[in-house]
Amino acid sequence: MNKNNVVESVAVILAAGMGTRMKSRLPKALQPLAGKPMLRYLLDHVEQVFDRIVVVIGPDMEEVAKIAAPHQIVVQKDRLGTAHAALQAEAYFGNGEVAVLYADNPLITSETLKSLLKTRQQDGVTMALMAMLCDDPKAYGRVIENHGWVERIVEYNDATPEEKAVRLCNAGVLCASADFLKKCLHQVKNDNSKGEYYLVDIVKLAVEDGKKVKAHRAPEEELRGINSKSELAEAEQIVQKHLRKKAMDNGVTMIAPETVYLSADTILEPDVLIYPHVVFGLNVQIKTGVEIRSFSHLEGCNIEENAIIGPFARLRPGSHIGNAAHVGNFVELKATYLGDGAKANHLTYLGDAEIGSKTNIGAGTITCNYDGINKHRTIIGKEVFIGSDSILVAPVTIGDKSLIAAGSVLTQDVPDGAMAFGRAKQVNKAGRALLKKTDK
């Protein structure tokens, strides 16, 4: 029994495009949405529906192949159009249903893909074509129907004014039996201005062969193609809207959700409170009761229950914030463990450090973790008081319940319970300030 209780289903994903309109060194399939490549979005949904997946890539696209793993990879050595790309996967079609999809349609949901297969399985349907009703059809190809069946697809430049008024547009995704798809792909010609083989032409071939093609309608939000940076930005807003809604439906409070930017893998537990203008990079996990205050940026970090972050805080990869700990304004952490109840409330950099519970880090404290060649760690114990403007030159260990005087520069370890000074001796020169003024 397969995933759809029908014959075996195979998804062929065309991901060979370089995306020249993106004007980017990244292939189109790797352009990110909420920090995740477009191809990975599509694969996540396709994997829930289809029994096998084949990804068609171009030459020298090793990074795309890594994202597509462990699925079957086929290389389109010559980029001769979408029908030519699909034909490269012919050996893996099998004997069941085959759907052809595009890496630049990353927002198609698993529910829509399941319904596409069901449409294809309806009596008399030889091919199911994904279509969308557009408020602004722009330059999409128009799907012309006759008594509920697709009669033809008209490209925008070839459409009459009446045809341009049609709002049903071709999304390019289609599904047919493996045998029929093979037959049509071999019949596609390249007699066009670019000399390419276009997948859309198989719709015409099917209709001319007397076969029934059914347009399966799905939301434009899911089917829109992403071919430029402006379209990528529009898709990003769609993704962010869904991520915010999912978070709030799960009990997260966002005071101004439209100003919060999440990553696809952000994990937020119920009763997290997020103030306006917060950005979450990849790999962030936040437990219940945490407050993230405005203008904070977080990536690659874990935050335990009831901690307070920000405003204007930056948490970099490898940081772990303990239960009820505080990270305040203009504080940056990198690869640092801040223990339960510890506080770093002002103007501080803590890099490659381990800080014990209930320790207080004074304003302006810096852990000097880099000597120009290697990174070194700073270990600060429990219930330590670090005075303002302290510089801790790693590697250095500060013992439990010790006190570091303000303005100290420490290069040696401090024992438990000790008070440490690391300043130059203060010298007062009587009357010199007045003398300096009279010199002017």
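Points to keep in mind about this one:
- The phi torsions of the stretch 24-37, fed into the Karplus equation with coefficients 6.51, -1.76 and 1.60 and a -60° offset, translate into couplings of 9, 6, 7, x, 4, 4, 9, 4, x, 10, 6, x, 10, x Hz, rounded to whole numbers, with Gly and Pro shown as x.
- Derived scalar couplings ³J(HN,Hα) [the stretch 270-277; Karplus, 6.51 cos²θ - 1.76 cosθ + 1.60; whole Hz; x for Gly, Pro]: x, 6, 7, 10, 10, 7, x, 6
- Annotation: amide H of Ala335 within the under-5 Å range of Arg316, Gly318, Ser319, Asp352, sequence separation 5 or more or interchain, hydrogens built in the peptide plane.
- Computed helical MRE - 222 nm, the chain, DSSP H runs ≥ 4 contributing -39500 (n - 2.57), nearest 500: -5500 deg cm²/dmol
- Charging the Cβ of each Asp and Glu at -1 and of each Lys and Arg at +1, and nothing else, the dipole of the stretch 229-420 about its Cα centre rounds to 160 debye.
- Rounded to the nearest 5, the antiparallel percentage of DSSP beta bridges internal to the stretch 9-223 is 45%.
- Hydrodynamic radius of the stretch 248-340 per Kirkwood, over alpha carbon pairs, in Å: 12.4
- Positive minus negative residues near Gly35 (Lys, Arg vs Asp, Glu; Cβ under 11 Å): -1
- Of Lys23/Lys164; Lys114/Lys245; Lys164/Lys204, pairs whose Cα-Cα distance is over 21 Å: Lys23/Lys164; Lys114/Lys245
- Per-bin percent of Cα-Cα distances, the stretch 1-131 [10 Å]: 13, 45, 33, 9, 1
- Highest mean first, the peptides 82-88, 253-259, 427-433 sorted by other C-beta atoms within 10 Å per residue fall in the order 82-88, 253-259, 427-433.
- Relative to the longest principal axis of the Cα atoms of the chain, helix 229-249 runs at roughly 70 degrees.
- Whether the stretch 149-211 is rounded, prolate or oblate, judged on the alpha carbon gyration tensor where a/c under 1.5 counts as rounded: oblate
- Rounded to whole numbers, the Karplus 3J(HN,Hα) couplings from phi for the stretch 391-399 are 10, 10, 8, 6, x, 8, 10, 10, x Hz, using 6.51 cos²θ - 1.76 cosθ + 1.60 with θ = phi - 60°, and x at Gly and Pro.
- Long-range HN-HN contacts of Gly328 with modeled amide H, under 5 Å: Gly310, Ala344, Asn345, His346
- Only beta bridges with both residues in the chain are counted; by DSSP, about 20 percent of them are antiparallel.
- Proximal aspartates and glutamates relative to Lys211, as straight alpha-carbon distance under 20 Å, when same-chain residues fewer than 8 apart are discounted: Glu97, Asp123, Glu145, Glu151, Asp179, Asp201
Only the coordinates and a few stated rules stand behind these numbers; no lab work does. Treat the numbers as computed from the prediction; the structure is a model and nothing was measured. So basically every Cβ, Gly included, is an ideal-geometry build from the backbone, and we count neighbours across all protein chains shown.
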